[in-house]
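Below is one structure; the comments refer to it alone.
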Amino acid sequence: MQYGLTLLPLPFFCVAAMTAYAQEPTLHLDADAGYFKSNGLDVVVFSSWYDGYFGDEKVSGVELIHHDVRTATNGDVRLSTSPEQWDPVPEFRGATIDTAAHRIVASLAYSDYDFEYRIVVEPQGDGFLMSVELDEPLPESLQGQAGLNLEFLPAAYFGKSYLADDQSGLVPRHPIGPMEPVRDVHLGLSSPVNTWNTAQPMPLAEGNTLILAPEDPERRVTIDGRGALLSLYDGRNKAQNGWFVVRSLLPRGESGRVIEWLVTPHRIPGWTRPPVIAHSQAGYYPHQTKMAVIETGSRMEGSVRLLQIMPDGRREVRKSDSTTSWGKYLRYHYSTFDFSDITTPGLYVIELDEVTTGPFRIAEDVYGPPIWSSTLDTFMPVQMDHMFVNDRYRVWHGPGHLDDALQAPTDHLHFDLYKQGPTTDTQYEPFEHIPGLNGGGWHDAGDYDIRTQSQYATVSDLVLAYETFGIDWDETTVEPENRYVDLRRPDGVPDAIQQIKHGTLQLLAHYRAVGHAINGIIVPTLAQYTHLGDAMTMTDNLIYDPSLDSLEVDGNRSGRPDDRWAFTNKSTPLDYGSIAALAAASRALRGFDDDLAREAFETAVRVWDEEAARDDPIPFQFGNTTGGPLFVEELKATVELLITTQGEQKYADRLAEMWPEMEERFMWISTLAVRAMPYMDEAYRQHVEAAVRAAAEQVEAVASENPFGVPITTGGWGGSGAVLRFGMNSYILHKAFPDLVSGEHTLRALNYVLGTHPASNISMVSGIGGRSHTAAYGANRADYSFIPGGIVPGIVIIPPDFPEMKTDWPFLWYEGEYVITLAPLYIFVANAANDIVRSLP
Ligand SMILES: [Ca+2]
Ligand SMILES: [Ca+2]
């Protein structure tokens, strides 16, 4: 899965003229918000759309926010019992918010089947009617296939029960079938993902009325099919990330309102949302600013207490104060609790009404290695491709993808944002093995591809962390020649150096093999891409040889075309980004691996010269696999080479030429501008200082937009990376211009990922802090587990206004997927925070 490109094409709503209410329904339609609201239940209707890049993200159609948990999604007509990520989705034609009739009507179509329909939602009784309306009867080709589906979050129902008419059942914790053979696979019931799996779930239960969790007032939902048979399916039988699906087939030969479910989610009378006391799960340095942010469903007037935990278990009040209202942000009210004046080291909790936080520390060493070391010595090694990774009694994975890689075919569009253009730009023919790519590199994220942009960003940022803070942490043995990694066994070489080297080996492999940076390496098919398990079983590790029979093996070659593909188009921005990392790595590696350091440096110098001499840059661009903006990537390469050469004139000259555009885009490139200062003249320094002064005002403005004091992004992918980048940039600016940029921004950025964020106070760094995200979207997500030190994207603002980070359901990539690039950012920001607090009085 890849990140960064998560445009949300928001549906177009038109609001019908407001007329007087006939009768105030229990659920009321808030036309401004665009959804139905009540105390304890919100019903959202197509505020989000099935994502265009990654398929079904489980954020679309009719959705329930039930006692503040998004428990149901994708209420819509779908073509299978348990749709998978890449199954067909309809086209959205528009929606009308009809305040006069208290309803929302969405128009949709499956145009491949010449089928149009409307989904209508309107309050009824204590719940709502969810209906399908047709102008023309269902086409024959969709009979028995098209049904009204509503998907329920499995994790919200584990340990609970259901009733289907008079039949009872317990919600299965693990999918247990039974399955039936698929009658007809042309609709994507099994294809295109699990092409070997031509079976679909049979219903767990069927009836005219279905009640989920009748015993639980928070989760009870009653669905009356009003004549339509309701079937309950367990989508996990098809795919580990499936949801529970309630479904009624659309009837044959009918038009008008062909299905009308009465959905009644129980609402607890007088329910109020428990306050969230957002704080740093790692704790606070004694003399730093300490601010908890309190999130409540309605405006709160109350007092909050800081309690110290004593050795005998008593809790002594250290501070009791009324909160300070911040105001409304998104759908909640916020206030703050400042306990900066409490400086005594010890263990503390914060208490408000019935809510008490877990324990956190006030101590001088809160930002020491235990909060970042597992990111470096566990998460990063686990992400290492082409290596055996041992962890005491456990093996994380064997050495995978030793058959890397086949030249990708030309004119090929890959489903994970890779593209091969009309040429290969290499000496290899499509499907020919490219030798030398099977070393170094990290699995980009929760999937197993090597995305070059991720590799070079990781190398560059890790070098910066290593150089800035002298990170000599050594807890890991790495033997590249043996493809062997052993955790919890120091080997005398700093782990940061070993990770920098591992990334460098992959980046250099591109230049050795084909002479330029390549876009990345990834499996060709969805059937392989959905792999969950040991990376070494993703392919057979034997180089594909088309002259062999499909089951034949000859030495290290086989006839099985399962090797990953290398996407190889040359792109100038990608080359610049890659050589920026190589130039940086050459500094760090000196003294540890001089030959590699020299090769990295010489490659960077050569490619920079080639690109600088080129009349027109090579603009091949696709998705987020071909480099960032040309200007930014060139700037990175130029600055890193300037630093590596300690000010060589041609780089300084080029930088001076680039200054006008740097000034224009200063917010994006400020740290590069600042890092170059020691090698530039006084005029340059004055330019930068003026730009930093202007940028500082913008930073303050951004920081005041929400109660957390950091930029919170609103895209479809969680924003912890943007917050960490903000923390890193702020630190670099703060160190260069302490009078202009405060160190507080960096401390807030760190504390945001450690728990001071909307929706919950759970740390986004797995295993770090008292409570952290431990069901993340790593390669081990099928086990509802985590990789220590991995950082999740975290809070996503589910449109229009619901901040969410599910921590009991590991399959939402946009909230829970580790990406390798966040590792060095987090390591940097944690060390930066430590440096800042240690210079406090
Ligand atoms: Ca080591
Ligand atoms: Ca193979």
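The values are calculated or read from the model by the stated rules, or taken from the named source; none is laboratory data. Here the structure is a predicted model, which is why all the values come from computation and not from measurement. Glycine gets a Cβ as well: all are built from the backbone with ideal geometry, and neighbour counts include every protein chain shown. For the accessible areas, the whole protein counts, side chains as well, though only heavy atoms, and no ligand, DNA or RNA atoms are used. Shrake-Rupley method; radii C 1.70, N 1.55, O 1.52, S 1.80 Å.
Numerical summary
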read-out	value
Residue tally, condition more than 16 Å from ligand 2 (Cβ to nearest atom) and assigned to a loop (DSSP other than H, G, I, E, B), over segment 330-388	22
Every pair of residues 6+ apart whose Cβ atoms lie under 6 Å, when the first sits in segment 325-349 and is touching a residue at least 40 places away in the same chain (Cβ under 8 Å) while the second is among the charged types (D, E, K, R) and part of a strand (DSSP E or B)	Tyr332/Glu295; Tyr334/Glu295; Phe339/Lys319; Ile342/Arg318; Ile342/Lys319
Exclusive hit being modelled with pLDDT under 95, within 16 Å of ligand 2 (Cβ to nearest atom) and of a type in the set (A, V, I, L, M, F, W, C), set Leu542, Leu551	Leu551
Number of the exception - Ile787 against (1) of a type outside the set (S, T, N, Q); (2) under 12 Å from Val382 (Cβ atoms); (3) open to solvent by 10 Å² or more (accessible area, probe 1.4 Å)	(3)
Pro793 assigned to a loop (DSSP other than H, G, I, E, B), touching a Phe, Trp or Tyr at 6+ places or on another chain (Cβ under 9 Å) and closer than 22 Å to Leu462 by Cα	yes
Segment 614-664, residues that are within 29 Å of Ala690 (Cα to Cα) and assigned to a loop (DSSP other than H, G, I, E, B)	Gly628, Pro629, Thr645, Gln646, Gly647, Glu648
Residue match in segment 422-440 (condition: closer than 19 Å to Gly628 by Cα and over 21 Å from the mean Cα position of the chain (by Cα))	no
Residue ID - surrounded by the most Cβ atoms within 10 Å (Cβ to Cβ), chosen from residues in segment 611-653 that are closer than 21 Å to Ala600 by Cβ and among the charged types (D, E, K, R)	Glu640
Of residues in segment 422-454 being open to solvent by 40 Å² or more (accessible area, probe 1.4 Å) and either among the hydrophobic types (A, V, I, L, M, F, W, C) or within 20 Å of Leu574 (Cβ to Cβ) (or both), the one nearest to ligand 1 (Cβ to nearest atom)	Gly436
Whichever residue in segment 732-760 is surrounded by fewer than 24 Cβ atoms within 10 Å (Cβ to Cβ) and among the small types (Gly, Ala, Ser) and, among such residues, is farthest from the chain's Cα centre (by Cα)	Ala736
Residue in segment 761-784 that is surrounded by the fewest Cβ atoms within 10 Å (Cβ to Cβ), counting only those that are in contact (Cβ under 8 Å) with a residue 60 or more places away in the chain and not in a loop (DSSP other than H, G, I, E, B)	Ala782
Subset of segment 269-299 [farther than 30 Å from Ser839 by Cα and part of a strand (DSSP E or B)]	Val276, Glu295, Thr296
Hits in segment 524-575 - residues which are part of a helix (DSSP H, G or I) and either under 30 Å from Leu635 (Cβ atoms) or of a type in the set (A, V, I, L, M, F, W, C) (or both)	Leu526, Ala527, Ala535, Met536, Thr572, Pro573, Leu574, Asp575
Tally, over segment 104-114, of residues that are surrounded by fewer than 21 Cβ atoms within 10 Å (Cβ to Cβ) and either closer than 23 Å to Phe244 by Cα or out of contact with any Lys or Arg (no Cβ under 9 Å at 6 or more places or on another chain) (or both)	4
Considering residues of segment 555-610 that are touching a strand residue (DSSP E or B) at 6+ places or on another chain (Cβ under 6 Å) and aromatic (Phe, Trp, Tyr) only, the residue least open to solvent (accessible area, probe 1.4 Å)	Phe567
Close pairs (7 angstrom Cβ cut-off, 6 or more residues apart or separate chains): over 15 Å from Val45 (Cα atoms) and touching a residue at least 12 places away in the same chain (Cβ under 8 Å) in segment 91-120, hydroxyl-bearing (Ser, Thr, Tyr) and in a loop (DSSP other than H, G, I, E, B) anywhere	Ala100/Thr19
Meets criteria (of a type outside the set (D, E, K, R) and either surrounded by 21 or more Cβ atoms within 10 Å (Cβ to Cβ) or at pLDDT below 95 (or both)) for Val366	yes
Per-region count, segment 80-101, residues surrounded by 21 or more Cβ atoms within 10 Å (Cβ to Cβ) and either among the hydroxyl-bearing types (Ser, Thr, Tyr) or touching a Cys at 6+ places or on another chain (Cβ under 7 Å) (or both)	3
All positions within segment 130-155 that are within 26 Å of Gly40 (Cα to Cα) and either among the hydroxyl-bearing types (Ser, Thr, Tyr) or open to solvent by 10 Å² or more (accessible area, probe 1.4 Å) (or both)	Ser131, Ala155
